[in-house]
Amino acid sequence: MLDKQTRGAILLLRRKGHSLRCISRLLSLSRDSVRKVASVGSDEPPIILRSRKLDAHRERIAQMLAEFDGNLVKVHRALADAGTSVRYSTLAAFCRNNHLLNRARDPRRSVVAARQWLLELINGAHTVERFQSQLPHDADLRFLFSQLKHGRSRHRKKAATILARKRGISNSVIAAALRSSRSTTRRYYKMYLEAGAEKLFAWNTTRHMGAEAQISDRTKRILEVFHHKPTAFGINRTNWTQPALLKAYEQSYGEIISRSTLARILRRVGYRWRKARRVLTSPDPSYHEKVELLLNTLRCLGENEMFFFLDEWGPIQVRKRGGKAYRNDHATIPRHQVSRGNVSLIAALSATTNQVTWRFLESKASHAMMDMIEILYNQYHTKTKFYMTWDAVAWHNSGPFLEALDQFNEETRAFSVGPIIELVPLPTSSQFLNVMQTCGP
């Protein structure tokens with residue numbers, strides 16, 4: 001199509017009396033192009049509106065993109081099955097021009113979107129049923145989701161890698177999203193394809209041991225000493241250290257080896273010098289079910305619903321305590337102080353507004369919990385439902401307290417005004433799940 005300047009030059013030469021042949025020769029244009037511009041008589045290029053074949057299928061294409069999770073190849077195949085045959089490049093250009101493809105939110109093409117998708121996957125936003133609808137013949141989905149939810153850190157990374165590859169995300173994007181090397185994620189997926197999921201998650205550091213025939217005699221002797229207690233070699237210790245192990249080896253076999261050699265041999269057979277780590281655990285047999293109920297309640301919280309974390313503090317003695325302050329004289333704290341009584345505190349933290357409601361109380365008992373519930377009821381009386389969670393202690397689940405709460409809810413339903421109170425119990429010995437406990441004094 002000729003631009004505006006060329007069309008203006010054609011009209012100017014035509015008004016000066018030049019013939020079409022002369023104008024075409026001067027501007028190096030075809031005579032037909034010059035004739036069309038002269039017949040129109042305007043330097044503005046004509047707007048040609050061509051009806052596109054896919055305009056009538058725009059809504060259907062948008063629905064199929066949402067149904068097939070942005071997979072344009074499946075959309076092209078579905079259109080062909082429905083009788084609408086177009087080239088793949090035409091379909092891609094149509095979706096791109098109509099902004100139907102949001103590549104910034106596609107986890108297969110964006111590292112940020114892939115990291116967000118993996119974070120939602122780990123947090124439980126994607127269910128196994130949704131994957132089964134997309135991959136109906138895959139038998140390992142439930143096992144992979146189980147490892148992703150309850151497995152160790154390395155197992156969760158393996159499960160996330162396999163599920164992401166099934167989602168269609170490339171290996172480089174997965175490695176960048178998981179902050180891992182591409183060779184590691186590629187090795188996970190290769191082992192999964194060759195040996196299956198069970199072999200992938202059973203694969204550990206023993207892979208470095210190799211065949212038994214490759215273990216040297218020195219390694220066998222060191223492991224023989226290592227598998228005995230230090231007291232068997234006259235060393236007054238309950239566990240091994242590197243100097244003690246070297247001393248016992250020298251006494252038994254008359255050979256001196258360096259600490260670096262000992263460390264290399266133990267590392268080759270899969271042993272590490274590691275310190276025991278204290279972890280947060282709960283003996284509750286229904287731990288996972290209660291945590292799942294807590295998370296689902298927080299995710300599905302309605303607009304007129306509120307969630308509160310409750311906890312008590314105290315009783316604590318009222319006395320002078322240490323601290324820092326700007327003052328001239330040197331402050332002192334008596335070692336023996338006259339008792340000024342005790343104080344206890346109960347507080348409720350809103351999960352939606354992040355506001356704390358608190359009051360002092362005489363003792364931590366069931367009636368104190370009901371008093372706090374009544375305060376919250378009066379403070380947020382326009383809401384429809386309250387969810388309450390607290391530690392699994394005796395007075396939180398006592399019979400009189402539950403009866404008083406049921407009576408309170410019955411009165412609320414009778415008057416049809418105010419929120420209904422619903423309890424979301426925490427597992428036993430899981431104070432770390434109570435936000436009010438972790439941010440307390």
Which residues, taken from the stretch 256-273, are farther than 19 Å from Asp217 by Cβ and surrounded by 11 or more Cβ atoms within 10 Å (Cβ to Cβ)? Arg259
Filter result (touching a helix residue (DSSP H, G or I) at 6+ places or on another chain (Cβ under 7 Å) and surrounded by fewer than 13 Cβ atoms within 10 Å (Cβ to Cβ)) within the stretch 1-30: Arg21, Ser30
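Inside the stretch 415-426, can you point out the residues that are touching a helix residue (DSSP H, G or I) at 6+ places or on another chain (Cβ under 8 Å) and in a strand (DSSP E or B)? I'd like the intermediate steps shown before the answer.
Applying the first criterion (touching a helix residue (DSSP H, G or I) at 6+ places or on another chain (Cβ under 8 Å)) to the stretch 415-426 yields 418-421, 423-426.
Of everything in the stretch 415-426, those that are touching a helix residue (DSSP H, G or I) at 6+ places or on another chain (Cβ under 8 Å) and in a strand (DSSP E or B) turn out to be Ile420, Ile421, Leu423.
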Which residues, counting only those in the stretch 168-191, are of a type in the set (Ser, Thr, Tyr) and part of a helix (DSSP H, G or I)? Ser172, Ser183, Thr184, Thr185, Tyr188, Tyr189
Given the conditions (1) out of contact with any strand residue (DSSP E or B) (no Cβ under 9 Å at 6 or more places or on another chain); (2) surrounded by 14 or more Cβ atoms within 10 Å (Cβ to Cβ); (3) at pLDDT below 85, which single one is not true for Val417? (2)
List the number of the failed condition for His150; all other conditions in (1) modelled with pLDDT of 85 or more; (2) in contact with a helix residue (DSSP H, G or I) (Cβ under 8 Å, 6 or more places away or on another chain); (3) exposed (fewer than 13 other Cβ atoms within 10 Å of the Cβ) hold. (1)
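Please determine whether any residue of the stretch 284-304 is touching an Asp or Glu at 6+ places or on another chain (Cβ under 9 Å) and either modelled with pLDDT of 85 or more or over 18 Å from Met388 (Cα atoms) (or both).
Yes, that holds for at least one residue.
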Of all residues making up the stretch 202-223, the number that are part of a helix (DSSP H, G or I) and at pLDDT below 80: 8
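Residue by residue, here is whether (1) of a type outside the set (Gly, Ala, Ser); (2) over 20 Å from Lys275 (Cα atoms) holds:
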position: Glu224; (1), (2): yes, yes
position: His227; (1), (2): yes, no
position: Ile235; (1), (2): yes, yes
position: Asn239; (1), (2): yes, no
position: Leu245; (1), (2): yes, no
position: Ala248; (1), (2): no, yes
position: Glu255; (1), (2): yes, yes
position: Arg259; (1), (2): yes, no
Hits in the stretch 359-417 (condition: touching an Asp or Glu at 6+ places or on another chain (Cβ under 8 Å) and touching a residue at least 60 places away in the same chain (Cβ under 8 Å)): Lys383, Thr384, Lys385, Phe386, Tyr387, Met388, Trp390, Asp391, Ala392
Strands (runs of 3 or more DSSP E) wholly inside the stretch 312-414 that include at least 1 residues being over 25 Å from Leu295 (Cα atoms) and either open to solvent by less than 30 Å² (accessible area, probe 1.4 Å) or not β-branched (Val, Ile, Thr) (or both): 342-350, 356-361
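Results for (1) under 28 Å from Ser286 (Cβ atoms); (2) modelled with pLDDT under 80; (3) among the β-branched types (Val, Ile, Thr), shown as yes or no for each residue.
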site: Ile333; (1), (2), (3): no, no, yes
site: Ala348; (1), (2), (3): yes, no, no
site: Thr352; (1), (2), (3): yes, no, yes
site: Gln355; (1), (2), (3): no, no, no
site: Met369; (1), (2), (3): yes, no, no
Flagged in the stretch 59-86 as charged (D, E, K, R), assigned to a helix (DSSP H, G or I) and modelled with pLDDT under 85, in numbering order, are Glu59, Arg60, Glu67, Lys74
Selection count where residues are loosely packed, with under 13 Cβ neighbours inside 10 Å and of a type in the set (Gly, Ala, Ser), scope the stretch 241-255: 1
Show the residue pairs meeting these rules: Cβ distance below 7 Å; 6+ apart or different chains; first residue within the stretch 214-240 and within 16 Å of Thr261 (Cα to Cα) and open to solvent by less than 50 Å² (accessible area, probe 1.4 Å); second residue at pLDDT 85 or above and not in a helix (DSSP H, G or I). Phe226/Trp240
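The values are calculated or read from the model by the stated rules, or taken from the named source; none is laboratory data. Computed from a prediction, not measured in an experiment: that's the story for all the values here. Glycine also receives a Cβ, built like all others from the backbone with ideal geometry; neighbour counts cover every protein chain displayed. The accessibility values were calculated without ligands, DNA or RNA, using every heavy atom of the protein model including side chains. Shrake-Rupley method; radii C 1.70, N 1.55, O 1.52, S 1.80 Å.
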